[in-house]
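The values are calculated or read from the model by the stated rules, or taken from the named source; none is laboratory data. Nothing here was measured: the structure is a model prediction, and the numbers come from that model. All Cβ positions, glycine included, derive from the backbone under ideal geometry; neighbour counts span all protein chains shown.
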Amino acid sequence: MSQYSDFAFVYDELMNEVDYNGWVKYIEDIIDSEGVKVKNILELACGTGNLTIPLTKKNYDIAGIDISDEMLSVAREKSEKEGVELVLLQQDISELDFEISDLDCVLCACDGFNYITYDDDLENVFSKTYELLKKDGIFIFDISSFYKLANILGNNMYGENREDIAYMWQNYFDEEENLIEMELTFFIKDECGKFERFEEIHQQRAYTEDEIVDMLEKSGFKDIKYYGDFTFDKPSEESQRIFFVCKK
């Protein structure tokens, strides 16, 4: 089963404790710290629109791209309920093809790039992103750190039981390939009160900061910075989320 198919329809419920307003504030703090004017944003791996919608409400002209039709369907439903018009495109970001260039900002949040498991594919995304940005345009993204995937999630099992949904999440980390495979099993209550079982397998690649910086440099980016866990500080050995910021 493809990643994010059935998962799309329970994603927001499982992520309901994530502070997306905090994410938006941090992204805007990064933009301010770089001293750039941003009006338009291309968001890669936009998912169910948890950042796309609030950023649109802040008067950014934003387009979102995601590989999952199901995720985009949820994003459209949410945007209609909130009275927000979104430009959403179904596309594999590893084969990024966007017709509009001279963009102010390209954004990829919530570890979307960890799902790109081959160096050549990720470097290709960076190169195409570079082409899409205007001069001095800003590229902002984050990854789950190597430490998080290998030591926090890797070879561990998680689970939770809620009123309408339960899940089990078994992870296996391959130290030779630096890949984590996540086996997700969901039990979702239907309208009759019965629980239906769904299974998905997700795979992510663990990248080091040096690997990412090297690919960004090869793609032409300059002024490359990276921070740990929603700060403007250098990541520690135990930082779980690394944010990268660079310019064309």
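Any idea which residue in the range 147-165 is surrounded by the fewest Cβ atoms within 10 Å (Cβ to Cβ), counting only those that are part of a loop (DSSP other than H, G, I, E, B) and touching a Phe, Trp or Tyr at 6+ places or on another chain (Cβ under 6 Å)?
ASN155
Which members of the range 28-68 meet the condition of being in contact with a Cys (Cβ under 9 Å, 6 or more places away or on another chain), under 13 Å from ASP104 (Cβ atoms) and not in a loop (DSSP other than H, G, I, E, B)?
Answer for the range 28-68, where residues must be in contact with a Cys (Cβ under 9 Å, 6 or more places away or on another chain), under 13 Å from ASP104 (Cβ atoms) and not in a loop (DSSP other than H, G, I, E, B): ILE31, ASN40, ILE41, LEU42, GLU43, ILE62, ALA63.
Would you mention how many residues in the range 100-125 are in a strand (DSSP E or B) and surrounded by fewer than 17 Cβ atoms within 10 Å (Cβ to Cβ)?
Counting residues in the range 100-125 that are in a strand (DSSP E or B) and surrounded by fewer than 17 Cβ atoms within 10 Å (Cβ to Cβ) gives 0.
What strands (runs of 3 or more DSSP E), lying completely within the range 181-248, carry at least 3 residues that are in the same structural domain as ASP29 (by TED's automatic domain parsing) and touching a Gly at 6+ places or on another chain (Cβ under 9 Å)?
The qualifying strands (runs of 3 or more DSSP E) are 241-247.
For the range 80-98, state whether one or more residues are outside any loop (DSSP other than H, G, I, E, B), over 23 Å from ASP223 (Cα atoms) and more than 21 Å from the chain's Cα centre (by Cα).
Yes, there is a match, as at least one residue in the range 80-98 is outside any loop (DSSP other than H, G, I, E, B), over 23 Å from ASP223 (Cα atoms) and more than 21 Å from the chain's Cα centre (by Cα).
Exactly one condition in (1) surrounded by 13 or more Cβ atoms within 10 Å (Cβ to Cβ); (2) part of a helix (DSSP H, G or I) is false for MET168; which is it?
With respect to (1) surrounded by 13 or more Cβ atoms within 10 Å (Cβ to Cβ); (2) part of a helix (DSSP H, G or I), MET168 is out only on (2).
I'd like the full set of residues that are of a type in the set (Ser, Thr, Tyr) and either surrounded by fewer than 16 Cβ atoms within 10 Å (Cβ to Cβ) or in contact with a Ser or Thr (Cβ under 7 Å, 6 or more places away or on another chain) (or both), limited to the range 126-146. Outline the logic, then answer.
Taking the range 126-146 as the starting set, the residues that turn out to be of a type in the set (Ser, Thr, Tyr) are 127, 129-130, 144-145.
Scanning the range 126-146 gives SER127, TYR130, SER145.
Scan the range 43-56 and report the pairs whose first residue is in contact (Cβ under 8 Å) with a residue 60 or more places away in the chain and whose second residue is of a type in the set (S, T, N, Q), with Cβ atoms within less than 6 Å and a gap of 6+ or a chain change.
Listed pairs, sorted by first residue: GLU43/THR52.
Read through the list (1) at pLDDT below 95; (2) within 21 Å of the chain's Cα centre (by Cα); (3) surrounded by fewer than 16 Cβ atoms within 10 Å (Cβ to Cβ), then give the number of the only condition that GLU238 fails.
So GLU238 meets the others, but not (1).
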